[in-house]
Structure formats: structure tokens, C-alpha cells
1. What number of residues within the range 1-36 satisfy the criterion of being in contact (Cβ under 8 Å) with a residue 12 or more places away in the chain, of a type in the set (Gly, Ala, Ser) and outside any loop (DSSP other than H, G, I, E, B)?
2. Being under 24 Å from Thr2 (Cα atoms), at pLDDT 95 or above and in a strand (DSSP E or B) narrows it down to one residue among Thr98, Thr70; which is it?
3. Can you name every residue in the range 73-95 that is touching a strand residue (DSSP E or B) at 6+ places or on another chain (Cβ under 7 Å) and over 21 Å from Glu5 (Cα atoms)?
4. For the range 1-17, which positions are in contact with a helix residue (DSSP H, G or I) (Cβ under 9 Å, 6 or more places away or on another chain) and surrounded by 15 or more Cβ atoms within 10 Å (Cβ to Cβ)?
5. Would you confirm whether any residue within the range 77-89 is closer than 19 Å to Tyr34 by Cα, touching a Phe, Trp or Tyr at 6+ places or on another chain (Cβ under 6 Å) and not in a strand (DSSP E or B)?
6. Inspect the range 56-65 for any residue being under 14 Å from Glu100 (Cα atoms), charged (D, E, K, R) and in contact (Cβ under 8 Å) with a residue 12 or more places away in the chain and give the result as yes or no.
7. Just one of the numbered conditions (1) surrounded by 12 or more Cβ atoms within 10 Å (Cβ to Cβ); (2) over 19 Å from Gln96 (Cα atoms) is not true of Ser46; which one?
8. Going through Asp44, Asp40 one at a time, which residue ends up being out of contact with any strand residue (DSSP E or B) (no Cβ under 9 Å at 6 or more places or on another chain), within 24 Å of Asn106 (Cβ to Cβ) and not aliphatic (A, V, I, L, M)?
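The values are calculated or read from the model by the stated rules, or taken from the named source; none is laboratory data. These numbers come from a predicted model, not from an experiment. We place every Cβ from the backbone using ideal geometry, glycine too, and count neighbours over all the protein chains shown.
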Amino acid sequence: MTLNEVANMVASMGYPWRYSHFSQTPATPFVVYYFPNNNDVYADSSNYVDKRALHIELFTKAKDPDAEATVEAVLKAHGITWYKQTDFLNDELIYQTTYESEVIINGE
């Protein structure tokens, strides 16, 4: 995938979205995605494959299985596997469902 394809994939989920964070928090549900680290494949003393961790965070006012199903359908359609965890954020009074996966980035 390219970086633009990842952004387009997140946009296709149909919720307000941003890379990393919103400057002003929108109404829920909304999505944030980011690449917290990479796990490149090395060969011949260089980074051979750009493999990045991808986190997609879904924020909802209440536990929302329909919104989760929407995110998961988009991930499945793009052949992305994930680990999922849901937490309640007491300070913001919202649920955060994080999808952790890895993608190979081929260009911008």
C-alpha cells in the first residue's frame, strides 16, 4: 500500500478522520490513524521493505458494534488483519477501540 492508499482506506470508513489527532475533537464516531513504529526488513545493509505498524482508533460515545463492523469490513476488504482492544477513556467519557496491524508501504 502507499501512504495515500492507507489514508483513502481510512476515509472510506465514512467517519471524520485525521492522521494522529484532531485539533478540535469532533462529534463521535470519528477515526484517527497513525504509524507508531516500523519493523522494516533489512537486506544487503539497507532497509529492504518498509513495514510499519498501523494503528486505527475508533472513538464512540457508547460501545458501538455497528461502527466497529464498519471499520472491520473496510480492513477485511483491504486484506488487513488486526488485533483489537477497546478501552473507556474516563477523561473524555468516550470509548476508544484500537485496531493494531502492520502494512508494507510501497511509495507515497
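1. Qualifying residue count, the range 1-36: 1.
2. Sole residue among the options that is under 24 Å from Thr2 (Cα atoms), at pLDDT 95 or above and in a strand (DSSP E or B): Thr98.
3. Residues of the range 73-95 that are touching a strand residue (DSSP E or B) at 6+ places or on another chain (Cβ under 7 Å), as a first pass: 75, 80-89, 94-95.
Matches in the range 73-95: Lys84, Gln85, Thr86, Asp87, Phe88, Leu89, Ile94, Tyr95.
4. Met1, Met9, Val10, Met13, Tyr15, Trp17
5. Yes, the conditions are met somewhere in the range 77-89.
6. Initial filter on the range 56-65 (under 14 Å from Glu100 (Cα atoms)): 56-58.
Then keep just the ones that are charged (D, E, K, R); that gives 57.
Imposing the further condition that a residue be in contact (Cβ under 8 Å) with a residue 12 or more places away in the chain reduces the set to 57.
Looking for residues that are under 14 Å from Glu100 (Cα atoms), charged (D, E, K, R) and in contact (Cβ under 8 Å) with a residue 12 or more places away in the chain, one finds at least one in the range 56-65, hence yes.
7. Status for Ser46: all satisfied but (1).
8. Details: Asp40 fails: out of contact with any strand residue (DSSP E or B) (no Cβ under 9 Å at 6 or more places or on another chain).
So the residue among Asp44, Asp40 that is out of contact with any strand residue (DSSP E or B) (no Cβ under 9 Å at 6 or more places or on another chain), within 24 Å of Asn106 (Cβ to Cβ) and not aliphatic (A, V, I, L, M) is Asp44.
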